[in-house]
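I have placed the structure first, in the form of C-alpha cells, so that the comments after it can refer back to it.
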Amino acid sequence: MANLRIALVAGEASGDILGAGLMRALKAQHPAVEFIGVGGPLMQAEGLTSYFPMERLSVMGLVEVLGRLRELLARRKLLIQTLIEEKPDVFIGIDAPDFTLNIELKLRRAGIKTVHYVSPSVWAWRQKRVLKIREGCDLMLTLLPFEARFYEEKGVPVRFVGHTLADAIPLQADRAAARAELGLPDGPLVALMPGSRGGEVGRLGALFFDAAERLMTLKPGVRFVLPCASPQRRAQIETLLEGRNLPLTLLDGQSHLALAACDAVLIASGTATLEALLYKRPMVVAYRLAPLTFWILKRMVKSPYISLPNLLAQRLLVPELLQDDATPEALAQTVLPLIDGGEEQTRGFDAIHRVLRRDASNQAADAVLALIGQKQETV
C-alpha cells in the first residue's frame with residue numbers, strides 16, 4: 001500500500017477525542033500513514049504533527065472571537081497555503097465549522113479531497129450554510145441519523161457513522177456501583193445539571209434549586225447530586241446555594257458517574273442530554289435564554305424540538321420546559337413521576353442507543369478510505 005498523508009484540523013477538546021479515535025482506526029488499516037494538521041494532546045499522541053497548538057482555535061463567544069479574529073484569520077490563511085503545498089490525500093475538518101468549512105472550500109478548489117466530521121446544526125438554523133458545505137465538502141460524516149437525512153435531501157454526499165459516546169457508554173449502567181463509588185445512600189436521587197457555561201448556570205441554577213426544594217416537599221427523602229463542569233462553575237454554584245438547606249452532593253466533573261447513580265435528571269438543553277439518554281435516565285429538559293435572544297431564535301430555528309433526545313426520537317419523548325414555562329413548580333411536578341417511573345422514556349432511549357452504537361471511529365475511517373480509493377467498499 002502506498003504511503004498515505006492525511007491532514008486533520010480539530011479546534012477543541014471534543015474534536016481532539018474524535019480525531020484521535022479516527023486516527024487509530026485509520027492506522028489499523030493503513031500502518032504507513034502520515035498525519036499533519038492541527039490537533040490536541042490526544043491526536044498528537046496518535047502521531048499528528050501539529051502546526052500550532054490547538055488551544056489557539058478554542059474560542060468561545062462572539063466578543064472573544066473578535067479580539068482574536070486577526071490571529072485566527074492569519075493562521076487559517078497560512079494553514080491553507082501549507083496544506084496546498086503538502087498535498088495530502090485527504091483533508092478532514094473535525095467540528096469547529098466556522099474555522100474548518102472555509103479551509104475545506106479552498107482545499108477542494110485546489111484539488112484536494114475534503115471530509116467534514118460532525119455536522120454543524122444547519123438543520124436547525126442558518127440552513128444556507130449547507131450551500132457552502134455542498135461546495136466545499138466531498139463527504140460529510142454525521143454522528144446522528146436525522147442529520148444524514150437532511151444532507152441527503154440537500155444533495156450532499158453523507159455517511160452516518162454513529163456516536164463515539166454511544167460506543168463508550170454501556171447499554172446498561174450499574175446504578176448501585178455508581179452510588180457506592182460516590183458514597184451516596186440508597187433512596188430517590190435526582191441529578192441536577194444546569195449547564196457547563198457561566199451564563200447557563202446563572203439563568204438556571206437558582207431555578208433548579210427552587211425546583212429541588214419544591215420536590216423535597218412532594219417526595220420526602222429525595223436527595224440530589226450535581227456534577228460541576230469546572231472549578232469556576234463550582235464556585236458559582238456554591239454562591240447560589242448560600243442560605244439553602246438542600247441534601248445536595250457537589251461533584252468535580254464526574255457527570256457520567258452522577259448520571260449512572262441517579263433515578264432521574266433535571267437538565268439544561270445541550271450535549272449533556274445525549275449522555276443522560278445513553279445512561280437511560282428519565283429527564284426533564286429546561287432552558288431559559290435572555291428574552292431578546294429567545295425571541296430571535298424562535299423565529300430562526302426550524303426545528304419543533306430543542307433537545308437532542310426529541311430530535312433523535314423525532315417526537316416529544318422528553319418534556320421540554322422553556323422560558324416562562326420553566327417555573328420551579330412545573331419542573332418539580334414534571335420530574336416527580338420520573339423518579340420511580342419514566343419507562344416510556346427509557347425504552348425510547350435504549351432504541352436510540354442501539355442505533356447510535358455503530359463503532360463510529362471505524363465507520364468514519366472506512367468512509368474516508370473509500371472516498372480516496374484506498375479501501376474496498378463493503379456494505
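Sequence-ordered 3J(HN,Hα) estimates for region 72-78 from the Karplus curve with 6.51, -1.76 and 1.60 and θ = phi - 60° stand at 4, 5, 5, 4, 5, 4, 5 Hz, glycine and proline given as x.
Stokes-Einstein, applied to the Kirkwood radius of region 188-272 over Cα pairs at a viscosity of 1.567 mPa s and 4 °C, places its translational diffusion at 102 µm² s⁻¹. Between Asp186 and Gln333, full extension at 0.36 nm per residue minus the direct alpha carbon distance yields a gain of 50.7 nm. Computed from backbone phi with θ = phi - 60° and the Karplus coefficients 6.51, -1.76 and 1.60, the 3J(HN,Hα) list for region 358-368 is 10, 6, 4, 4, 5, 4, 5, 4, 4, 5, 5 Hz; x is used for glycine and proline. The slack between Glu86 and Phe146, meaning 0.36 nm per residue of separation minus the straight C-alpha distance, is 18.1 nm. Rounded to the nearest 10 degrees, the angle from helix 231-241 to the longest Cα principal axis of the chain is 20 degrees.
Annotation: amide H of Val225 within the under-5 Å range of Val190, Ala191, Leu192, Thr249, sequence separation 5 or more or interchain, hydrogens built in the peptide plane. Using a 10 angstrom Cβ neighbour count of at most 11 plus a DSSP loop assignment to flag exposed GluC sites (Glu not before Pro), which longest range of the chain is free of such sites? Counting at most 11 other Cβ atoms within 10 Å as exposed, the longest clean stretch of the chain is 1-241.
Altogether, the Stokes-Einstein calculation at 25 °C and 0.890 mPa s, with the Kirkwood radius of region 233-279 over Cα pairs as Rh, returns a diffusion coefficient of 201 µm²/s.
Net charge near Leu26: determine it from the other residues with C-beta under 10 Å of the C-beta of Leu26, scoring Lys and Arg +1 and Asp and Glu -1.
0
Straight-line cross-link reach from Lys219 at under 25 Å between alpha-carbon atoms covers these lysines, not counting any fewer than eight positions away in the same chain: Lys280.
Computed from the alpha carbon positions, the gyration tensor of region 56-201 leads to an equivalent ellipsoid with semi-axes of 36, 21, 16 Å, biggest first. For Lys106, a cut-off of 12 angstrom between C-alpha atoms picks up these aspartates and glutamates, skipping any fewer than 8 places away in its own chain: Glu135.
Calculated FRET efficiency, Gln314 to Arg244, Cβ-Cβ distance, R0 = 25 Å: about 0.05 to the nearest 0.05. Amide H contacts for Ala326 (H built 1.01 Å from N in the peptide plane; partners 5 or more residues away or on another chain; cut-off under 5 Å): none found.
Give the calculated FRET efficiency between Gln254 and Glu343 to the nearest 0.05, with a Förster radius of 35 Å applied to their Cβ-Cβ distance.
According to the calculation, E is roughly 0.85.
Its alpha carbons give region 175-356 an Rg and a Dmax of 15.5, 47 Å. Computed across region 127-283, the Kirkwood radius stands at 17.6 Å (inverse of mean 1/r, all Cα pairs).
Once Rg and the Kirkwood radius are both taken over the C-alpha atoms of the chain, their ratio Rg/Rh works out to 0.99.
Every read-out reported here was derived from the displayed coordinates using simple, explicitly stated rules and does not represent laboratory data. As the structure is a computational prediction, the values presented were derived from the model and not from experiment. Because the Cβ atoms are built from the backbone with ideal geometry, glycine has one as well, and the counts that use them run over all protein chains shown.
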